[in-house]
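The values are calculated or read from the model by the stated rules, or taken from the named source; none is laboratory data. Since the structure is predicted, the reported quantities are computational estimates derived from the model, not experimental observations. Reconstructed Cβ throughout: ideal geometry from the backbone, glycine too, with neighbour counts over all protein chains shown. These accessible areas exclude ligands, DNA and RNA; they are computed on the full protein's heavy atoms, side chains included. Shrake-Rupley method; radii C 1.70, N 1.55, O 1.52, S 1.80 Å.
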Amino acid sequence: MSKTWQTKLIHSDAKIPEGYRSLATPTFRGSTTLFPSASVVNDTWDQHRVGYTYGLYGTPTVLELAARVSELESGAHTILTPGGQSAISLIDFALLQAGDHMLLPASVYTPNRKLATRLLSRFGVATDFYDPSISAGISSLIQQNTKLIWCESPGSITMEIQDLPAIVRAAHKHNVRVALDNTWSAGVLLDAFAHGVDITMQALTKYIGGHSDLLLGSVTVRDNALYQRLGAAQQVIGCAVSPDDCSLALRGMKTLAVRLSAIETSALGIAKWLSTRPEIERVLHPAFSSCPGHEFWKRDFLGSSGVFSIVFKPGPTEEQVQAFVDALELFEVGYSWGGVTSLAVCYNFGHLPGRPSYDHRIVRLNIGLESTADLIADLEQALCKVSS
Ligand SMILES: Cc1ncc(COP(=O)(O)O)c(C=O)c1O
C-alpha cells in the first residue's frame, strides 16, 4: 500500500545490506515484541519454551547475558534482575509465603537483612539470624516452617567464610533450600552448585560489569521447578532489566578472567603488606589465616577477589579512622566494589548479635587495577597521618 511520509516514519521501506557480523552482541531494545499472527499472541514469561513474547522477559541481549551467567556458574537457568538487591528479593518473594521461616547469616549484606526485618516481616515471614561460622550446628535453628537458608561467603565487611557443604547437608536433611550470595567470587571462584547450593545470586554490578557503570543482578538455578517459580514471580513483580546494561555486562564479562587475576594478585600483595603494619590488628582477607573460616576458603574456593577488610588495633578514634580513609589519594570513598578503581569505606556495626565487635575500627577495601606499589604507597602515607 502507498504510505504518507508520516506513516513511513513508523513503517519504513528503507533497505540496508544484510549479513552484518561483529564480535559484539547486538543490543536489542524493546518493550513490544512482534508476533507473526493474531492467533499466536501470548504472555508466557518462559521465552526459552515459547519464543519471544514481551520485553519484560528479555530481548536476545538480555537472554544472552543470562545464558552466559548460567554457563559461568555451571547452572541450568538464570534470570536477570535490575540489581543485586532485586535478585535477593526475587528469591525471597518466589520461595516464601506467610507463615514461613528463614535463616540469614548475621554477616549478610545489610539490605538483605532489612528486606527480612522491615518488609517480609509485614508479610508474615519470620527470620532468625545465625552466626556465619555455625557449620552443621545450623540444624538446631531449623524449624518445622523453615523454608530458606541464606548464605553469603565471605560475609559482607566482616568477611567470614562459611562451611557451605555442612550447612547444605543440614538444610537438605530437613528439605530446606539454600541460597547463596556468590558476588564476591564473581560466580567463578566458588562452584556453588558443586557444593550443593540450590540457588545462587550475584550482583553483576560488581565483577561481571566490572567498570562501575551499571546495576544488574542474576539468579541462577539448576532445578527446573525452582526456575518456574522464580520466572513466575519475576513476571508479576515486573523487574525488567535494561538491554543496554546487559550489553555493557557482556562486554565486561570478556575481560573478567584477566581483571580477576590482576586484582587477586594485587589484593594479596596489599593485604600481606597491611598485615605487617603495627597499626593493624587483623587483615580480614579469606586467603589469610587471620580471616574467620580461612580453612573453608582453602577447601572450597579456587582463588580470591579484591575485597577485604582491615581492623585497626584499639586506639584511634572513629574520626581518626575516617581521617585515614579521607587521607587516601588513590582509594576513592564509595559503595559498590568490583570495578577498576580502588575504594575504601569505614563501617561501625556497634554490637550486633553474631557479628564481631570491631566498632569503628573496621575499613573495607576494594582493590582495583591501579599499580600495587602505588596503592601501598598511598596506604602508607595515609597510615602515617593516623599514627602521627
Ligand atoms: C554482597 C552483595 N550482595 C548484593 C549487593 C547488591 O547489589 P546491587 O548494588 O547491584 O543491588 C551488594 C552491593 O553492594 C553486595 O555487596
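Quickly estimate the mean residue ellipticity at 222 nm for the chain, helices only: each DSSP H run with n ≥ 4 gives -39500 (n - 2.57), and the total goes over all residues, rounded to 500. Working shown, then result.
On the way: 12 runs with 129 residues, N = 388.
Helix contribution divided over all residues of the chain: -10000 deg cm²/dmol.
So, with a 1.4 angstrom probe, what is the percent of accessible area on segment 25-129 that is carbon and sulfur?
Numbers: 2660 of 4900 Å².
Accessible surface attributable to carbon and sulfur in segment 25-129 totals 54 percent.
Tally up the carbon and sulfur contribution to the accessible surface of segment 131-217 as a whole percent, 1.4 Å probe, everything protein left in place. In segment 131-217, the share of accessible area belonging to carbon and sulfur is 48 percent. According to the calculation over all Cα-Cα pairs in the chain, the P(r) per 10 Å bin from zero is 5, 22, 29, 23, 12, 6, 3, 1, 0 %. Within the straight-line cut-off of under 22 Å between alpha carbons, the lysines reachable from K15 are K3, sequence neighbours fewer than 8 places apart in one chain being disregarded. For K173, the lysines whose Cα falls under 17 Å of its own Cα, not counting residues fewer than eight places away in the same chain, are K147.
Among R259, R49, the order of accessible area from largest down is R49, R259, computed with a 1.4 Å probe on protein heavy atoms. Based on C-alpha pairs under 8 angstrom that are at least 6 apart in sequence, segment 90-221 has a relative contact order of 20 percent. Rolling a 1.4 Å probe over the protein chains gives R282 an accessible area of about 80 Å². Sorting L214, L23 by solvent-accessible area of protein heavy atoms yields L23, L214, largest first, with a 1.4 Å probe. Here the calculated FRET efficiency for S140 and H48, from their Cβ-Cβ distance with R0 = 30 Å, stands at 0.15, rounded to the nearest 0.05.
Below 8 Å between Cα atoms, with a sequence gap of 6+, how large is the relative contact order for the chain in percent?
Contact order relative to length: 17 percent.
Cross-link partners of K206 among aspartates and glutamates, defined as those whose alpha carbon lies under 20 angstrom from its own and excluding same-chain residues fewer than eight positions apart: E64, E71, E73, E152, E160, D181, D191, D244, D245, E264, E332, E370. Suppose R0 equals 30 Å. What FRET efficiency, 1/(1 + (r/R0)^6) with r the Cβ-Cβ distance, do L34 and E71 give to the nearest 0.05? After rounding to 0.05, the efficiency reads 0.60. Taking all protein chains as shown and a probe of 1.4 angstrom, S12 keeps an accessible surface of around 70 Å².
Within the shell defined by Cβ-Cβ distances under 15 Å, the residues around L216 carry a net charge of -3, with Lys and Arg each +1 and Asp and Glu each -1.
Accessible area per residue for the chain is 46 Å², calculated with a 1.4 Å probe on protein heavy atoms, without ligands, DNA or RNA. Element breakdown for segment 278-340 at a 1.4 angstrom probe: carbon and sulfur atoms account for 53% of the accessible area.
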